[in-house]
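Participant: I'd like to ask some things about the structure below.
The values are calculated or read from the model by the stated rules, or taken from the named source; none is laboratory data. Everything numeric here is computed off the predicted structure, so don't read it as measured data. Here Cβ is always computed from backbone atoms with ideal geometry, including for glycine, and neighbour counts include all displayed protein chains. Remember, those area values only see protein heavy atoms, side chains included, never the ligands or the DNA or RNA. Shrake-Rupley method; radii C 1.70, N 1.55, O 1.52, S 1.80 Å.
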Amino acid sequence: RARKNEIINDHENRLAICRAEGLLLTCECCFEDEVLPEDMVECNKGHPFCKECVRRTANEVIGLGKFRVGCLHMAGCSEEFPLFALKESLPKSIFDGYERRVQERDIETAGLSGLERC
C-alpha cells in the first residue's frame with residue numbers, strides 16, 4: 001500500500017511539474033488535456049493518444065481476432081500504431097500473444113514452405 005501511495009504521489013508531482021512547464025499533452029481520442037508525455041504514444045503519422053485509449057482500442061481489436069490497430073484520429077487517419085507503441089500500451093501477456101499472432105500471420109503470408117514450429 002505504501003508503494004502504491006508513493007507511485008501516486010510521484011505521478012502527481014510529475015503532473016505538477018509538467019503543468020508548470022507547459023509540457024502536458026492532449027489525447028486526440030478522449031481529449032484529456034493533462035497527460036504526461038510518457039503516457040502518450042503516436043500512430044505512424046504522429047497523432048498523439050494516451051496509452052489508456054490505445055490499450056482499450058487494441059484490446060477490442062485483438063479480441064476480435066484482427067491484426068491492424070488503426071489510428072484513432074477523428075479525421076480518419078489511415079495509419080496504424082507501430083508495435084513499440086502497442087508494447088508500451090498493453091499488458092505484457094496481451095502484447096506477447098498479439099505479437100506471436102502477427103508473426104504467424106506474416107510467416108503464413110510469406111508462403112515459405114518447410115518451416116517448422118518449435
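Participant: Does the range 93-109 contain at least one residue that is touching a residue at least 24 places away in the same chain (Cβ under 8 Å), aliphatic (A, V, I, L, M) and within 20 Å of Cys53 (Cα to Cα)?
Facilitator: yes
Participant: Output the residues belonging to the range 77-86 that are of a type in the set (Gly, Ala, Ser) and either surrounded by fewer than 17 Cβ atoms within 10 Å (Cβ to Cβ) or farther than 19 Å from Thr26 by Cα (or both).
Facilitator: Scanning the range 77-86 gives a single hit, Ser78.
Participant: Something else about it: With respect to Ala16, determine if the residue is open to solvent by less than 70 Å² (accessible area, probe 1.4 Å) and under 13 Å from Phe81 (Cβ atoms).
Facilitator: no
Residue-wise test of (1) without any contact (Cβ under 8 Å) to a residue 40 or more places away in the chain; (2) open to solvent by 50 Å² or more (accessible area, probe 1.4 Å).
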| residue | (1), (2) |
| --- | --- |
| Leu36 | yes, no |
| Met40 | yes, no |
| Gly46 | yes, no |
| Ala58 | no, no |
| Val69 | yes, no |
| Ala75 | yes, yes |
| Glu88 | no, yes |
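Participant: Answer yes if at least one residue in the range 102-116 is surrounded by 12 or more Cβ atoms within 10 Å (Cβ to Cβ), charged (D, E, K, R) and assigned to a helix (DSSP H, G or I), and no otherwise.
Facilitator: So far as the range 102-116 goes, no, none of its residues is surrounded by 12 or more Cβ atoms within 10 Å (Cβ to Cβ), charged (D, E, K, R) and assigned to a helix (DSSP H, G or I).
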